[in-house]
Every structure is written in C-alpha cells, then in structure tokens.
1. Hey, could you check the range 128-146 for residues that are hydroxyl-bearing (Ser, Thr, Tyr) and under 13 Å from the mean Cα position of the chain (by Cα) and say which is surrounded by the most Cβ atoms within 10 Å (Cβ to Cβ)?
2. Under the condition of being aliphatic (A, V, I, L, M) and part of a loop (DSSP other than H, G, I, E, B), which residue from the range 84-107 is modelled with the highest pLDDT?
3. Please indicate, with yes or no, whether at least one residue in the range 5-17 is within 15 Å of the chain's Cα centre (by Cα), modelled with pLDDT under 90 and closer than 21 Å to residue 128 by Cβ.
4. Considering only the range 18-44, state which residues are within 13 Å of the chain's Cα centre (by Cα) and exposed (fewer than 14 other Cβ atoms within 10 Å of the Cβ).
5. So, in the range 44-103, exactly how many residues are over 22 Å from residue 33 (Cα atoms) and either in contact with a Leu (Cβ under 7 Å, 6 or more places away or on another chain) or among the polar types (S, T, N, Q) (or both)?
6. Cβ-Cβ below 8 Å, separation at least six or inter-chain, first residue in the range 137-160 and farther than 20 Å from residue 123 by Cβ, second modelled with pLDDT under 70 and of a type in the set (Asp, Glu): which pairs?
7. Has the range 66-83 got at least one residue that is within 15 Å of residue 15 (Cα to Cα), touching a residue at least 40 places away in the same chain (Cβ under 8 Å) and not polar (S, T, N, Q)?
8. Among what's in the range 117-127 and is farther than 18 Å from residue 14 by Cβ and touching a residue at least 24 places away in the same chain (Cβ under 8 Å), pick the residue that is surrounded by the most Cβ atoms within 10 Å (Cβ to Cβ).
Amino acid sequence: MRARDLAVEYESVSVDSDALDAARLMAEHKLPALLVLDERGEPKAVLPASQMIKVLVPAYVIDDPTLAAVVDERHADRLCQALAGRRVGECLSHTAAPPPIADPDDTALEVAALMARVRSPLVAVARKDKAGTRLLGVITASHLLHELLSRAGAPDTPTT
C-alpha cells in the first residue's frame with residue numbers, strides 16, 4: 001500500500017483565503033485541520049482546528065484561564081468576530097513548520113512514521129520535480145488508521 005493509493009481529495013485553503021470561511025469549512029465538514037497552500041498552490045502548512053480556536057480566544061484568557069469564567073455568554077458568542085477580515089496566513093502559528101509531505105511511493109509505514117514524528121493529523125502526498133510540488137492528495141490519520149486496521153483483518157467497529 002503506497003501513499004499515492006491512500007491519498008484522497010481533501011479540503012484546502014490558500015494563505016490568502018478568508019479565515020472565517022476557513023473556520024466554517026472546518027466546522028461544516030468536521031475537519032481536524034486544513035491543508036494551507038501557498039500562492040503557487042504548493043503545500044505551505046497544516047492549520048489544525050485547535051490553532052483556529054486559539055485565534056478566537058483572547059490572549060488575556062489564554063494567559064489566565066480563570067478569566068474565562070467571568071466572560072458572559074453574550075460576549076463568548078462573539079468570539080468568531082476575531083476572524084473577521086483576517087486571512088488564513090494570519091492564523092498560522094509563527095513557528096508553524098512546513099506540512100509533512102510524503103512521496104507518492106512511500107509505504108503506509110513510512111507515512112505513519114512521518115505522521116507520528118511530526119504529530120500531524122494529516123500528511124500531504126505530493127510529487128516534487130523541477131517544476132515544483134504537485135499535490136496529489138492528503139492522507140488523514142483517521143483514514144490511515146482505517147486502512148491499516150482493515151488490512152490487519154480487524155473489524156471496522158469495536159466489539160464489546
């Protein structure tokens with residue numbers, strides 16, 4: 001089983017995409033992360049849903065979580081306004097590493113090792129050549145787990 005066989009189409013956004021639209025995309029499709037592409041359409045970063053939520057939470061609440069208890073629901077309901085007018089690139093962590101990229105010929109174990117090493121919920125599968133990086137698809141952790149379990153003969157649903 002090779003990375004090219006495991007790769008599927010996956011929602012992606014560009015660094016210039018509207019952050020609120022990206023958050024809605026995550027929420028509507030229950031995605032653990034989005035693949036962020038640069039201006040050339042090449043993988044630039046993985047934007048986890050947890051990072052998008054961090055953008056919503058005021059810095060003073062992150063610094064002192066006890067303050068979250070004193071913010072009333074009316075104000076809490078307005079958290080998403082923090083994304084208004086922002087671009088996806090502004091929501092990326094300043095220390096965001098480039099996304100993990102698997103070669104199409106990588107084995108499932110190589111993909112799993114890459115995913116585990118960088119602790120990413122997804123891995124881009126791309127072919128790199130002189131013209132640049134061409135995205136073939138994405139492998140999510142849940143999809144990889146499903147494929148590995150099905151190959152091992154494990155049942156699709158847990159038994160009690």
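The values are calculated or read from the model by the stated rules, or taken from the named source; none is laboratory data. Because the structure is a prediction, the values reported are computed rather than measured. Using ideal geometry, Cβ is built from the backbone for each residue, glycine included, and neighbour counts are taken over all protein chains shown.
1. Of all residues in the range 128-146, those hydroxyl-bearing (Ser, Thr, Tyr) come to 133, 140, 142.
With under 13 Å from the mean Cα position of the chain (by Cα) added as a condition, the list becomes 140, 142.
Numbers: 140: 19, 142: 11.
Of everything passing the filter in the range 128-146, 140 is surrounded by the most Cβ atoms within 10 Å (Cβ to Cβ).
2. Step one: of the range 84-107, the residues aliphatic (A, V, I, L, M) are 84, 88, 92, 96-97, 101-102.
The next check asks that each one be part of a loop (DSSP other than H, G, I, E, B); those that pass are 84, 92, 96-97.
Values: 84: 87, 92: 93, 96: 77, 97: 81.
So, considering only residues that are aliphatic (A, V, I, L, M) and part of a loop (DSSP other than H, G, I, E, B), the one modelled with the highest pLDDT is 92.
3. No: zero hits.
4. First, pick out the residues of the range 18-44 that are within 13 Å of the chain's Cα centre (by Cα): 22-23, 25-27, 29-37, 43-44.
Residues satisfying the conditions are 27, 29, 30.
5. 3
6. none
7. Applying the first criterion (within 15 Å of residue 15 (Cα to Cα)) to the range 66-83 yields 83.
Cutting the leftovers down to touching a residue at least 40 places away in the same chain (Cβ under 8 Å) gives us 83.
Of the ones still in play, those that are also not polar (S, T, N, Q) are 83.
Within the range 66-83, one or more residues are within 15 Å of residue 15 (Cα to Cα), touching a residue at least 40 places away in the same chain (Cβ under 8 Å) and not polar (S, T, N, Q).
8. Initially, the range 117-127 is screened for residues farther than 18 Å from residue 14 by Cβ, giving 117-121, 123, 125, 127.
If we keep only those that are touching a residue at least 24 places away in the same chain (Cβ under 8 Å) too, we end up with 120-121, 123, 125, 127.
Values: 120: 19, 121: 15, 123: 29, 125: 27, 127: 15.
Taking the candidates together, the pick is 123.
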